[in-house]
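Peer 1: Sharing a structure with you now.
A short reminder: the numbers here are calculations on the coordinates, not readings from a lab. Keep in mind it's a predicted model, so treat the numbers as computed, not measured. Cβ coordinates were reconstructed from backbone atoms using ideal geometry, including for glycine residues, and neighbour counts include every protein chain displayed.
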């Protein structure tokens with residue numbers, strides 16, 4: 001469930017091959033939509049916040065995203081440091097990305 005007009009972004013997926021060795025040339029770029037998430041307006045008890053995070057984005061649950069990937073939004077590059085799933089009616093509705 002993604003009920004907003006998202007901002008266009010580029011997701012850089014690192015190391016998606018089956019190789020067990022880190023390869024800095026193994027990068028794939030995917031165009032996605034993101035929605036900025038303002039964590040300041042919610043009550044933060046530490047469960048959904050990350051100490052090192054500089055910002056948060058919401059993406060659709062169908063996006064293949066992992067920790068260590070990068071997002072380019074408005075010509076700024078962010079590294080994904082944490083992922084949280086949002087569940088509605090026993091399925092993942094969207095994913096919150098903590099970025100640095």
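Peer 1: Would you please give the FRET efficiency between residue 84 and residue 28, computed as 1/(1 + (r/R0)^6) with r the Cβ-Cβ distance and R0 = 25 Å, to the nearest 0.05?
Peer 2: 0.60
Peer 1: Cut-off is 10 Å between beta-carbons; in what order do 78, 57 appear when sorted fewest neighbours first?
Peer 2: 78, 57
Peer 1: Work out, step by step, the length gained on full extension between residue 16 and residue 77: first 0.36 nm times the residue separation, then minus their alpha carbon distance; give nm to one decimal.
Peer 2: Extra length from residue 16 to residue 77 when fully extended: 20.0 nm.
Peer 1: Which whole-number percent gives the relative contact order of the range 7-99, counting Cα pairs below 8 Å spaced six or more residues apart?
Peer 2: So the answer I get is 28 percent.
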